[in-house]
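Chemist: Questions regarding the structure given below will be posed in turn.
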Amino acid sequence: MSSTIEAAKPSPNEVLKGNCPTLAGTIAQTLADASTDRFSEDDNQFLKFHGVYQEDDRDLRKTGKKYILMARLRVPGGLLTPAQYLACDDLSARYANNTLRVTSRQSLQFHSIVKTGLGPLVKGINDALLTTFATCGDVNRNVMAPPTPATNGLGGQVQEYARQAAAALSPRTRAYHSIWMEGVQLNLDEPENKNFADPLYGKTYLPRKFKIGFAIPPLNDVDILTNCCGFIAIADADGNLAGFNLTAGGGMGRSHNNDATFPRAADVIGFLPPEKVVDVARAALTIHRDFGDRSNRKHARLKYILHDRGAQWFREELERRLGFKLAEARPFKFEKQGDAFGWHRQAGGRLFLGLFVETGRIKDKDDWRMKTALREVIAKYQPEIRLTPANNVILANIAPEHQSEITRIFAGHGVRVERQGSLLRRASMACVSLPTCGLALAEAERYLPNLITRIEALLNEVGLGDQEINIRMTGCPNGCARPYMAEIGFVGKAPGKYQIYLGGNEASTRLNRLYKDTVKDTDIITELRPLLARYAQERHAGERFGDWVERVLWKEQPTAAN
């Protein structure tokens, strides 16, 4: 660890974790206290490790704060059994706002929980053999893996390695079970609790969060280069899994008006055999643990270690900890990212159904009753549920003879399984943002669908018709919907105002760049009109918008936006 970081004053979060390494705080006491509707600020930090965020309904702030909570599942690879999904559906109706939100890390979130419902909700989640533990906080977050059912054997193998990595990097404190299963406050005066240090994380865990993903070329459906640590599956000449290329140092988060923070695409480090995945994941995490900045949380991600010290330094330090050397990275190529929609055949002759869930919100609204339709289909036909990093849902392992009846059930609830929205709409993503996220500066989930409608009209106006352009929107610069990899990224700057980023690519392997720093939402179409009109006239055959931006626009405007 550098002397600069050693000498720096630790951040308040570091002190808090060091004083209570079990992460218990006084959460159980507050859960039992009927006189309050909220947790203390210290417990709010501990709650994140338990997969819970304390928020308030920002639509109601003018009349006083209404405290609510969000809970997030840990679902390695995004795979749920029918029983688990149905349990979540029921819990969302009883203790949340009767919606489920598919996250950009293949998980589910429950929103608008009040404190009295939090304990029963989390216990119900665990009764379904799921957990919320370590989906937030300064630990390894939910491990991602390709959700699309494979036509070969690689998909199942990669999912298994993702599960192994998730299990190996899970924290070991007893506080989670004590609080949520037993309903009692952990006795912090007992020697085993007072002196507790996690065997992997230590007493103060990580400087910030850590993210792992797995991918199978040529489909980059997990946005692999946005992860702290990535494993890219490499097949041999016979199509068998030969091993993985390791990537490190990706991350999306940044802060406005702070040039020391930035999104970063990961470096390719080297190649490893499959049996070394857990060892490599653990070693990469410990580099973050030992060298991460514990004084400045805005500089505390693994990407800044790679930026400051270099990929070669990281590889050498990783090999020193592993006790063996990585081979040189093997050739690979990503061609696209995104999900497969509609009916498709998977390995073994069964079918899977890809369902577009706009902005990830599973709900019933007007004539579109996705939540009810999913519940009916899953209860009757028992498919495997796969959550995707693009906020969508896949139902897998469906017998072909059930295809027509499942299609009929969805249609009866207003959900089409073919031609599910335009190409533009299906390629869009948004973070949750307002009214629940405390970091939100502008709308995202509630605003993007209408903006997509306006952009579709613009595309028709300039002669582009049903054009696919990857569009992502976040309400703040933290980048939860990965806007910095999009062909068009909108990042909230203030209420009703956004930054516009342009130039990502179809494979999601290239960062975009800032085009306009502050644009009112009412002016977005005006800003895009001349660009899309030029693109329609100047593009090469088959050229995507992001590639035209990189080829033409950035040569004309090589520096940052006004």
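The values are calculated or read from the model by the stated rules, or taken from the named source; none is laboratory data. This is a predicted model, so every value here is computed, not measured. Every residue, glycine among them, receives a Cβ derived from its backbone with ideal geometry; neighbour counts consider all protein chains shown.
Chemist: So if I check each of 497, 493, 516, which one is within 13 Å of residue 447 (Cβ to Cβ), basic (Lys, Arg) and touching a strand residue (DSSP E or B) at 6+ places or on another chain (Cβ under 7 Å)?
Modeler: Going through 497, 493, 516 in turn, just one is within 13 Å of residue 447 (Cβ to Cβ), basic (Lys, Arg) and touching a strand residue (DSSP E or B) at 6+ places or on another chain (Cβ under 7 Å): 497.
Chemist: Same structure again: Taking the condition of a type in the set (Gly, Ala, Ser), under 25 Å from residue 74 (Cα atoms) and touching a Ser or Thr at 6+ places or on another chain (Cβ under 7 Å), does residue 175 pass?
Modeler: Values: of a type in the set (Gly, Ala, Ser): yes; under 25 Å from residue 74 (Cα atoms): yes; touching a Ser or Thr at 6+ places or on another chain (Cβ under 7 Å): yes.
Yes: the conditions hold for residue 175.
Chemist: Looking at region 165-202, which of its residues are in a helix (DSSP H, G or I), out of contact with any strand residue (DSSP E or B) (no Cβ under 8 Å at 6 or more places or on another chain), surrounded by 15 or more Cβ atoms within 10 Å (Cβ to Cβ) and modelled with pLDDT of 95 or more?
Modeler: Within region 165-202, 168, 175, 178, 179, 180 meet the criteria.
Chemist: Give the residue, chosen from 101, 74, that is within 14 Å of the chain's Cα centre (by Cα), more than 23 Å from residue 365 (Cα to Cα) and not assigned by TED's automatic domain parsing to the domain that holds residue 382.
Modeler: Matching residue, one of 101, 74: 74.
Here is a yes/no grid of residues against (1) touching a Phe, Trp or Tyr at 6+ places or on another chain (Cβ under 6 Å); (2) under 27 Å from residue 106 (Cβ atoms); (3) of a type in the set (Phe, Trp, Tyr):
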site: 469; (1), (2), (3): yes, yes, no
site: 477; (1), (2), (3): no, yes, no
site: 481; (1), (2), (3): no, yes, no
site: 498; (1), (2), (3): yes, yes, yes
site: 503; (1), (2), (3): no, yes, no
site: 510; (1), (2), (3): no, yes, no
site: 519; (1), (2), (3): yes, no, no
site: 523; (1), (2), (3): no, no, no
site: 536; (1), (2), (3): no, no, no
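Conditions tested, residue by residue: (1) surrounded by 23 or more Cβ atoms within 10 Å (Cβ to Cβ); (2) assigned to a loop (DSSP other than H, G, I, E, B).
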site	(1), (2)
10	no, yes
14	no, no
31	no, no
34	no, yes
61	no, no
68	yes, no
87	no, no
90	no, no
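Chemist: May I pose another question? Which members of region 259-302 meet the condition of being in a loop (DSSP other than H, G, I, E, B), touching a Lys or Arg at 6+ places or on another chain (Cβ under 8 Å) and within 23 Å of residue 198 (Cβ to Cβ)?
Modeler: Matches in region 259-302: 292, 295, 300, 301.
Chemist: Another question, if that's okay. Only one residue in 526, 518 is hydroxyl-bearing (Ser, Thr, Tyr) and more than 21 Å from residue 424 (Cβ to Cβ), so which one is that?
Modeler: 518
Chemist: Moving on to the next point. Here are 396, 379: which of them is touching a residue at least 60 places away in the same chain (Cβ under 8 Å) and either among the β-branched types (Val, Ile, Thr) or farther than 18 Å from residue 341 by Cα (or both)?
Modeler: Details: 396 fails: either among the β-branched types (Val, Ile, Thr) or farther than 18 Å from residue 341 by Cα (or both).
It is 379.
Chemist: Here is a list of conditions, (1) in a strand (DSSP E or B); (2) within 25 Å of residue 388 (Cβ to Cβ); (3) of a type outside the set (Gly, Ala, Ser); (4) in contact with a Gly (Cβ under 9 Å, 6 or more places away or on another chain), and residue 477 meets all of them except one; can you say which number that is?
Modeler: Going through the list (1) in a strand (DSSP E or B); (2) within 25 Å of residue 388 (Cβ to Cβ); (3) of a type outside the set (Gly, Ala, Ser); (4) in contact with a Gly (Cβ under 9 Å, 6 or more places away or on another chain), residue 477 breaks only (1).
Chemist: Let me ask something else. Do you know which of the residues in region 203-219 that are assigned to a loop (DSSP other than H, G, I, E, B) and under 20 Å from residue 166 (Cβ atoms) is farthest from the chain's Cα centre (by Cα)?
Modeler: Filtering region 203-219 for residues assigned to a loop (DSSP other than H, G, I, E, B) gives 203-209, 211, 217-218.
After this cut, where a residue has to be under 20 Å from residue 166 (Cβ atoms) as well, the list is 205-206, 208-209, 211.
Values: 205: 21, 206: 19, 208: 15, 209: 12, 211: 9 Å.
So the residue we want is 205.
Chemist: Let me ask another. So, of the residues in region 363-412 that are assigned to a loop (DSSP other than H, G, I, E, B) and buried (at least 19 other Cβ atoms within 10 Å of the Cβ), which turns out to be farthest from the chain's Cα centre (by Cα)?
Modeler: Ranking the qualifying residues of region 363-412, first place goes to 383.
Chemist: Would you confirm whether or not region 455-465 contains a residue that is surrounded by fewer than 24 Cβ atoms within 10 Å (Cβ to Cβ), closer than 20 Å to residue 531 by Cβ, modelled with pLDDT of 95 or more and polar (S, T, N, Q)?
Modeler: Yes, some residue in region 455-465 is surrounded by fewer than 24 Cβ atoms within 10 Å (Cβ to Cβ), closer than 20 Å to residue 531 by Cβ, modelled with pLDDT of 95 or more and polar (S, T, N, Q).
Chemist: Sticking with this structure for a sec: Can you tell which of 434, 448, 441 is surrounded by 18 or more Cβ atoms within 10 Å (Cβ to Cβ) and either without any contact (Cβ under 8 Å) to a residue 60 or more places away in the chain or farther than 19 Å from residue 391 by Cβ (or both)?
Modeler: Criteria check complete, one pass: 441.
Chemist: On to the next question. Give just the number: which of (1) in contact with a Gly (Cβ under 8 Å, 6 or more places away or on another chain); (2) within 28 Å of residue 511 (Cβ to Cβ); (3) among the β-branched types (Val, Ile, Thr) does residue 357 not satisfy?
Modeler: Checking residue 357 against (1) in contact with a Gly (Cβ under 8 Å, 6 or more places away or on another chain); (2) within 28 Å of residue 511 (Cβ to Cβ); (3) among the β-branched types (Val, Ile, Thr), the one that fails is (1).
Chemist: Go through (1) without any contact (Cβ under 8 Å) to a residue 60 or more places away in the chain; (2) surrounded by fewer than 17 Cβ atoms within 10 Å (Cβ to Cβ) for residue 471 and report which single condition fails.
Modeler: Of (1) without any contact (Cβ under 8 Å) to a residue 60 or more places away in the chain; (2) surrounded by fewer than 17 Cβ atoms within 10 Å (Cβ to Cβ), only one is false for residue 471: (2).
Chemist: Continuing with the same structure: Say we look at region 326-362 and pick out the residues that are of a type in the set (Asp, Glu) and under 25 Å from the mean Cα position of the chain (by Cα); which of these is nearest to residue 311 (Cα to Cα)?
Modeler: That would be 335.
Chemist: How about region 295-332: which of its residues are under 22 Å from residue 255 (Cα atoms) and either among the aliphatic types (A, V, I, L, M) or free of Cβ contacts under 8 Å to residues at least 60 places away in the same chain (or both)?
Modeler: 298, 299, 300, 302, 304, 305, 306, 307, 308, 309
Chemist: Residues of region 113-129 being surrounded by fewer than 19 Cβ atoms within 10 Å (Cβ to Cβ), in a helix (DSSP H, G or I) and in contact with a Ser or Thr (Cβ under 9 Å, 6 or more places away or on another chain), which ones?
Modeler: 115, 126
Chemist: Condition first: more than 19 Å from the chain's Cα centre (by Cα) and either surrounded by fewer than 20 Cβ atoms within 10 Å (Cβ to Cβ) or part of a helix (DSSP H, G or I) (or both). Can you find one or more residues in region 244-254 that meet it? Give the derivation first.
Modeler: At the first step, the residues of region 244-254 found to be more than 19 Å from the chain's Cα centre (by Cα) are 244-246.
From what is left, the residues that are either surrounded by fewer than 20 Cβ atoms within 10 Å (Cβ to Cβ) or part of a helix (DSSP H, G or I) (or both) are none.
So far as region 244-254 goes, no, none of its residues is more than 19 Å from the chain's Cα centre (by Cα) and either surrounded by fewer than 20 Cβ atoms within 10 Å (Cβ to Cβ) or part of a helix (DSSP H, G or I) (or both).
Chemist: Before we move on, is residue 363 of a type in the set (Lys, Arg) and closer than 26 Å to residue 76 by Cβ?
Modeler: In short, yes.
Chemist: Also, I was wondering about something else. If you check residue 26 against the conditions, is it of a type outside the set (Asp, Glu), outside the structural domain of residue 304 (by TED's automatic domain parsing) and touching a residue at least 12 places away in the same chain (Cβ under 8 Å)? Break it down stepwise before answering.
Modeler: Numbers: of a type outside the set (Asp, Glu): yes; outside the structural domain of residue 304 (by TED's automatic domain parsing): no; touching a residue at least 12 places away in the same chain (Cβ under 8 Å): yes.
The answer is no for residue 26.
Chemist: Within region 148-164, is even one residue assigned by TED's automatic domain parsing to the domain that holds residue 207 and closer than 21 Å to residue 196 by Cβ?
Modeler: Here is the first cut: in region 148-164, the residues assigned by TED's automatic domain parsing to the domain that holds residue 207 are 148-164.
Among the residues that remain, those that are also closer than 21 Å to residue 196 by Cβ are: none.
Checked region 148-164: no residue is assigned by TED's automatic domain parsing to the domain that holds residue 207 and closer than 21 Å to residue 196 by Cβ.
Chemist: Return the residues of region 413-422 that are of a type in the set (A, V, I, L, M) and surrounded by fewer than 14 Cβ atoms within 10 Å (Cβ to Cβ); say none if nothing qualifies.
Modeler: Across region 413-422, there are no qualifying residues.
Chemist: Now for a different question. Just for region 346-362: of the residues that are in contact (Cβ under 8 Å) with a residue 40 or more places away in the chain and in a helix (DSSP H, G or I), which one is surrounded by the fewest Cβ atoms within 10 Å (Cβ to Cβ)?
Modeler: Filtering first and then ranking leaves 349.
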